[in-house]
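A short write-up of the structure that comes next.
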Amino acid sequence: MSRLVVVSNRVPVPEKGGAAASAGGLAVALLAALQERGGIWMGWSGKSSGDNEPGPLSVEEQGKITFALTDLTEKDVDEYYFGFANRVLWPICHYRLDLAEYGRKEMAGYFRVNRFFAHRLAPLLKPDDTIWIHDYHLIPLAAELRQMGVKNRIGFFYHIPWPPADVLFAMPVHEEIMRGLAAYDLVGFQTDHDLENFAGCLRREEMGDAIGEGRFMAGDKIFKGGIYGIGIETAAFARFAEKAGHHSLVTKAKESIEDRDLIIGVDRLDYSKGLTQRIDAFERFALANPAHQRKVTYLQVTPKSRSEVPEYEQMQRTVAEQAGRVNGALGTVDWVPIRYINRSVSRPVLAGLYRMAKVGLVTPLRDGMNLVAKEYVAAQDPRDPGVLVLSRFAGAARELRGSLLVNPYDIEGTANAIARALNMPLDERQDRWQRMMDYLLEHDVSRWCDDFLKDLAA
Ligand code: GDG
């Protein structure tokens, strides 16, 4: 088995002597694959070297894994990370043309930093290493490595949605981005829709097309493309959630909501997650169902993210104000309808809260997969499972057929789904949950990792 080299924008270096406390399933699965084969995980340290050129790679060995981190200059961080990745690619891929801020400088910075990563990575490579690159920050990395003569197998997994041609082509450098993908041996997408959109983009630009057996042609390049919906560590997370039910903070939370039904939402603060529409839907639900008023608590856990990007900073205020307004309008001296938390909670507490919640409200306007939906299902008590209300625009909607699918733009429809979820009889809840859980147990994150690496090696 060849050595594995993983490259991602950020690297979850485990704390010495244990798994990263904050590690989600992806990190756990990749760390396991790296531990088994030996290898390197390389990426940005998250730090800036200011105006100075970044110093040497900072290297840390843990067992059979070498973590190799590089700083970036402030200009690099501004242009590559905030500028192009998060203010062009992210909004475009989430269908928000209105929020994309193009700038030649940022585009050039994105390609420049990818070249820089290639130069830092190449000296670490051995001829038969398998390279696995992750996500939208690093699309051009394989092309840069190829230019330097790297012949290794290189795979890419694209975690976010791939938009249709009319949306992608609004981005001036879409051709370079598509050509960047053609430099890989295998490109993995979350869902069939993403893969279809990608093939549609190739055709519309007359760059290429699907040529059968999972292969694509773009210009003079032939590469494989496939669907690898990312999973979670289902069985482990289910056990974890069962234990977490007894966590002291979870017990306190249970006491504080008294015997009310809990509805939970958990999302990074991001405009793709549909938070304002969701709060509107909750308000509509409460107004249309007076019998449920004072009997439910909607807990929204929303850690801040990318606060340096203006759209995110503004959203932080908008969502907090909106939750405050609904509480002011509907709340009573002894009932706060929405509890809005603008910071992260620990993983055990999160798992315990999922398990406690009668409804998991996962209503992004657009999402590559959405792991929260999967975690919510895995955390349920099989004897009394809650109901997942899921946006049809999350990748997870292609897999979790036992959920109540909603269109998050349809506020009334989502409000009705909340009511339906709260009123659903036990046997229907169990039946829906079982279908989803069976799927998640079979398609967990280890299988995702194995399937991708097997196809990359084939
Ligand atoms: C991208 C794509 C795709 C959230 N709040 C807390 C917390 N979280 C954890 C969740 C979950 C993760 O963060 C979020 O993952 P998602 O998949 O829901 O969303 P993105 O962050 O946007 O991820 C997405 C994913 O990549 C993987 O391919 O599914 O579509 O956008 O694991 O649990 N964890 C803790 N406290 C919190 O407050 N501990």
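For residues in region 334-362 being within 12 Å of the ligand (Cβ to nearest atom) and not in a helix (DSSP H, G or I), which is farthest from Ile418 (Cα to Cα)?
Ser346
Would you mind stating whether Glu205 is at pLDDT below 95, out of contact with any strand residue (DSSP E or B) (no Cβ under 6 Å at 6 or more places or on another chain), of a type in the set (D, E, K, R) and farther than 30 Å from Arg317 by Cβ?
yes
Using the structure shown, decide if Ile232 is modelled with pLDDT under 95, buried (at least 22 other Cβ atoms within 10 Å of the Cβ), within 27 Å of Asp367 (Cβ to Cβ) and in contact with a Leu (Cβ under 8 Å, 6 or more places away or on another chain).
Yes, satisfied.
For the subset of region 39-67 comprising residues that are buried (at least 20 other Cβ atoms within 10 Å of the Cβ) and of a type in the set (A, V, I, L, M, F, W, C), which member is farthest from Asp128 (Cα to Cα)?
Per the stated criteria, the residue is Trp44.
Among the numbered conditions (1) more than 27 Å from Asp128 (Cβ to Cβ); (2) at pLDDT 85 or above; (3) within 15 Å of the ligand (Cβ to nearest atom); (4) of a type outside the set (Lys, Arg), tell me where Ala20 comes up short.
Every condition holds for Ala20 apart from (2).
Look through region 404-458, keep the residues that are within 30 Å of Arg37 (Cα to Cα) and over 24 Å from the mean Cα position of the chain (by Cα), and return whichever of them is surrounded by the fewest Cβ atoms within 10 Å (Cβ to Cβ).
That would be Ala458.
Would it be correct to say that Tyr102 is within 30 Å of Phe393 (Cα to Cα), away from the ligand (no atom under 16 Å from the Cβ), buried (at least 18 other Cβ atoms within 10 Å of the Cβ) and not small (Gly, Ala, Ser)?
In short, no.
Taking the residues in region 295-323 that are modelled with pLDDT of 95 or more and among the charged types (D, E, K, R) as candidates, determine which candidate is farthest from Arg343 (Cα to Cα).
My answer is Lys295.
Out of the residues in region 304-333 that are part of a helix (DSSP H, G or I) and among the aliphatic types (A, V, I, L, M), which is farthest from Phe285 (Cα to Cα)?
The selected residue is Met315.
If you go through region 147-158 one residue at a time, do you hit one that is crowded, with 21+ Cβ neighbours inside 10 Å, assigned to a helix (DSSP H, G or I) and either touching a residue at least 24 places away in the same chain (Cβ under 8 Å) or among the small types (Gly, Ala, Ser) (or both)?
No - not one qualifying residue is present in region 147-158.
Condition (residue is within 16 Å of the ligand (Cβ to nearest atom) and not aromatic (Phe, Trp, Tyr)) applied to region 280-293: is it met by at least one residue?
Within region 280-293 (the criterion being within 16 Å of the ligand (Cβ to nearest atom) and not aromatic (Phe, Trp, Tyr)), the answer is no, since none of the residues qualifies.
Scan region 229-279 for residues that are farther than 27 Å from Trp162 by Cβ and among the polar types (S, T, N, Q) and jot them down.
Ser248, Thr251, Ser256
Restricting to region 259-278, name every residue that is outside any helix (DSSP H, G or I) and either closer than 22 Å to Glu412 by Cβ or more than 11 Å from the ligand (Cβ to nearest atom) (or both).
The answer is Asp259, Arg260, Asp261, Leu262, Ile263, Ile264, Gly265, Asp267, Gly274.
Would you confirm, using the coordinates I've provided, whether Asp128 is assigned to a loop (DSSP other than H, G, I, E, B), over 25 Å from Leu456 (Cα atoms) and over 23 Å from the mean Cα position of the chain (by Cα)?
When the stated conditions are applied, Asp128 does not pass them.
The values are calculated or read from the model by the stated rules, or taken from the named source; none is laboratory data. No experiment lies behind these values; they were computed from the predicted model shown. Don't worry about glycine lacking a Cβ; one is built from the backbone with ideal geometry, like all the others, and counts go over all protein chains shown.
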